[in-house]
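Note sheet for the following structure.
The values are calculated or read from the model by the stated rules, or taken from the named source; none is laboratory data. Bear in mind the structure is a predicted one, so any value in this text is a computation, not a measurement. Note that each Cβ is placed from the backbone with ideal geometry, even for glycine, and that neighbours are counted across all protein chains shown.
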Amino acid sequence: MADEANRREQVEYTCVEGFCGPGGMSLGLKEARFRLLLAFDANPFAVETHRHNLGEPCLLAKAEDLTGERLLQNAGLRRRELDLFAGGPPCQGFSKQKRGAHTGDERNELVIEYARLVRETMPRFFLLENVAMFGQKRGRAFLERIACLLDDYSLYDHFYNSADYGLAQTRVRYIVVGKRRDIRSKFRIPKPTVVRWLTVGEVLDGLPEPPENYTDHPDYPNHQRARVTAINIKRFSFVPQGGGWQDIPQRYRLECHKNADVTSGGWPDVYGRLCWDGQCPTLTGGFDSFTRGRYGHPLQDRPLTPREAARLQGFPDTYVFRGTRADIRSQIGNAVPPPVARAVAAEIRRTLLVTDGLLAEEDGAASTPMRPQLSLDLTV
């Protein structure tokens, strides 16, 4: 039994990741014992970050300029041999922060490019990550197109709250796992990996204050304070944990807030201070600004640093982000949290081990494949 367990532990399934960003999903996949053969992204600073931390082949390329054949050649595989194709196509076009029309946003078409590459490589599994809105009305038409393009797969969708998988952040992401129809073993939506949610304080505890002169901390990469005006620091000093712009005295408020209704006026999270004993809302690329959301440090009169945001996203302190400050903010805010990727990938790996006769199937029902609102039945 011990020999079998050791043999299973040594098995590494292959994966390729598209739209890899700085490598949050790649890190989670590696922690789940997937061997990353290749990754690609169109952002040069994200590719630099990915290469620096993961040391894996990472192409600087746009999805629309790639073919499945080229990816397989670079990975040293043939069609249908790849175990997992993963990716999180840019999601800003589906985000609830985007107002007005969204169907014409050209970034949305990258989801279809992702599906095309899956179809051209035909891996045993695919993993598609996106914002929660993609699984709702805004993404419905694209989900139907994906189901048509990838009708050789059973699709398993789920809304994942990152706090259930080890983050002190209530970031909800919509993930679709595709299982090729010749894979007959059961796939199950992974259960939460923690018995209670971590708190912001538990995650940030132990980090020293960043240097006052705005330089990087010598022992913690990317731990650098934002340049904030004195008046904004003054405003924020009045805000208690869990509070926001409504707690700022009238004479210090922004003009747009002076006559606003404190119960409903403005965005409630503007000038928001995090709670030490609570969770952070969804991090975005604007986490170092008081006016972009509830990203104020719970104890200090300043916004979060990139290192603090990276901790809240589940990255280790050894993970170094490359690029300008704006590039680094964007990379961290848009990254797939590694613990979430690890949890989903671990279930995919378990299913593959059962399929390959290396693990006995567990009792219990499989998750039910999604049924897109189409005239043909795409489920098994």
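Per-structure values
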| quantity | calculated |
| --- | --- |
| Where a residue in the range 179-206 is free of Cβ contacts under 8 Å to residues at least 24 places away in the same chain and aromatic (Phe, Trp, Tyr) and its partner, wherever it lies, is assigned to a loop (DSSP other than H, G, I, E, B) and surrounded by fewer than 18 Cβ atoms within 10 Å (Cβ to Cβ), with Cβ under 8 Å and at least six apart | none |
| Test for LYS179: is it among the basic types (Lys, Arg), over 16 Å from GLU308 (Cα atoms) and part of a loop (DSSP other than H, G, I, E, B) | no |
| Which numbered condition THR379 fails, given (1) surrounded by fewer than 18 Cβ atoms within 10 Å (Cβ to Cβ); (2) among the β-branched types (Val, Ile, Thr); (3) modelled with pLDDT of 95 or more | (3) |
| Residue within the range 91-113 that is modelled with pLDDT of 95 or more, over 30 Å from GLY357 (Cα atoms) and buried (at least 17 other Cβ atoms within 10 Å of the Cβ) present | yes |
| Count of the range 215-268 residues which are loosely packed, with under 11 Cβ neighbours inside 10 Å and either under 30 Å from GLY323 (Cα atoms) or among the acidic types (Asp, Glu) (or both) | 8 |
| Looking only at the range 11-43, and only at residues there that are surrounded by fewer than 24 Cβ atoms within 10 Å (Cβ to Cβ) and over 24 Å from VAL354 (Cβ atoms), the one that is farthest from the chain's Cα centre (by Cα) | LEU38 |
| Among the candidates ASP247, ASP269, residue that is acidic (Asp, Glu) and in contact with a Lys or Arg (Cβ under 7 Å, 6 or more places away or on another chain) | ASP269 |
| Total residues in the range 337-360, condition touching a residue at least 12 places away in the same chain (Cβ under 8 Å) and closer than 20 Å to PRO192 by Cα | 14 |
| Sole exception among (1) of a type outside the set (Val, Ile, Thr); (2) touching a residue at least 24 places away in the same chain (Cβ under 8 Å); (3) not in a strand (DSSP E or B) for GLU17, by number | (3) |
| Considering residues of the range 318-351 that are part of a loop (DSSP other than H, G, I, E, B) and touching a helix residue (DSSP H, G or I) at 6+ places or on another chain (Cβ under 7 Å) only, the residue surrounded by the fewest Cβ atoms within 10 Å (Cβ to Cβ) | VAL320 |
| One residue from GLY293, GLY285, GLY278 being at positive phi, surrounded by fewer than 24 Cβ atoms within 10 Å (Cβ to Cβ) and of a type in the set (Gly, Ala, Ser) | GLY293 |
| Positions within the range 135-168 being touching a residue at least 24 places away in the same chain (Cβ under 8 Å), of a type outside the set (D, E, K, R) and within 30 Å of LEU204 (Cβ to Cβ), in sequence order | HIS158, PHE159, TYR160, SER162, ALA163, TYR165, GLY166, LEU167, ALA168 |
| Single residue of ALA163, ALA141 found to be within 19 Å of the chain's Cα centre (by Cα) and not β-branched (Val, Ile, Thr) | ALA163 |
